[in-house]
1. Any lysines with Cα under 21 Å of the K47 Cα? List them, leaving off those in the same chain fewer than 8 positions away.
2. Computed over the Cα atoms of the chain, what is the ratio Rg over Rh, Rh following Kirkwood?
3. Looking at the range 75-179, which GluC sites (Glu not before Pro) are in a loop (DSSP not H, G, I, E or B) and have at most 13 other Cβ atoms within 10 Å?
4. Which cross-chain or sequence-distant (5 or more) residues have an amide H under 5 Å from the amide H of H62, H modelled 1.01 Å from N in plane?
5. Could you run the Karplus curve 6.51 cos²θ - 1.76 cosθ + 1.60 with θ = phi - 60° over the range 28-39 and give me ³J(HN,Hα) per residue in whole Hz, x for Gly and Pro?
6. Could you list the chymotrypsin sites (Phe, Trp or Tyr not before Pro) in the range 35-118 that lie in coil according to DSSP, counting only those with at most 14 other Cβ atoms within 10 Å of their Cβ?
7. Non-local amide H neighbours of C38 (under 5 Å, H modeled in plane, Pro and chain starts lacking H): which ones?
8. At 7 Å along Cα-to-Cβ for each site, give me the label-to-label distance between D71 and M166 in nm.
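The values are calculated or read from the model by the stated rules, or taken from the named source; none is laboratory data. Note that the coordinates shown come from a computational prediction; the quantities given were computed from them, not determined experimentally. Backbone-built Cβ (ideal geometry, glycine too); neighbour counts: all protein chains shown. Please note that ligands, DNA and RNA were not included when accessible areas were found on the heavy atoms of the full protein model with its side chains. Shrake-Rupley method; radii C 1.70, N 1.55, O 1.52, S 1.80 Å.
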Amino acid sequence: MDGGGGGNRTRPNILVTGTPGTGKTTTCSLLADATQLCHVNVGDLVKTKNLHDGWDEEFECHIINEELVCDELEDMMEDGGVIVDYHGCDFFPERWFDRVVVLQTDNPILHDRLTSRGYMGPKLTNNIECEIFQVLLEEAMSSYPEDVVVAARSNCIEDISRNVAMLTQWVNDWKPAGS
Ligand code: DAT
């Protein structure tokens, strides 16, 4: 069982979460290029490794099997140096992450991004409500220590550049536990 400061890992693990469309994948991909950490897109992993319990017709997405996902990631997370990209955060072990970033986008902007992605009906409404009620920020705050969670605005390209620069700096300054 590890405590704070990253257990035995020599590089930190970061979770980038937020409502779909807030820019997680774009941010993680640029952050992985800047830091050489490994970007894991959990949605893609669930599809390619079949870590799900079928298809949800109403919300048009796979029903994620959280236990299978955690089992799949455990060894990698223990080694460290992973950026996890997912629109949920309460089922990962708390000890995995040194930083949890919650991306947030103003509603009209998010609405446009999701409709241009083809979201409509309950899937669109559900995600917009998720952002209005700051569901992911609440979930992150109730699942991780206060000093681990940061909220970051993601409305425009400049926001992405600023967030990537801020996180790159944080990764470069990070020190393993006991060092
Ligand atoms: P997510 O992984 O959170 O679902 P994404 O990275 O796939 O989001 O981004 C969805 C779309 O929105 C994609 O076309 C890129 C664009 N986008 C995301 N964040 C943005 C930002 N801060 N500024 C401009 N465009 C952004």
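1. K24, K123
2. Working: Rg = 15.9 Å, Rh = 16.7 Å.
Reported Rg/Rh, Kirkwood definition of Rh: 0.95.
3. Details: sites: E78, E94, E129, E131, E138, E139, E146, E158; in loops: E146.
Sparse-neighbourhood loop GluC sites (Glu not before Pro): E146.
4. D56
5. With coefficients 6.51, -1.76 and 1.60, one gets 5, 5, 5, 5, 5, 4, 6, 10, 6, 6, 9, 8 Hz.
6. On the way: sites: W55, F59, Y86, F91, W96, F97; in loops: F59, Y86, F91, F97.
Counting only loop positions with at most 14 other Cβ atoms within 10 Å, the chymotrypsin sites (Phe, Trp or Tyr not before Pro) in the range 35-118 are F59, F91.
7. V82, I83
8. The two pseudo-label positions are separated by 3.8 nm.
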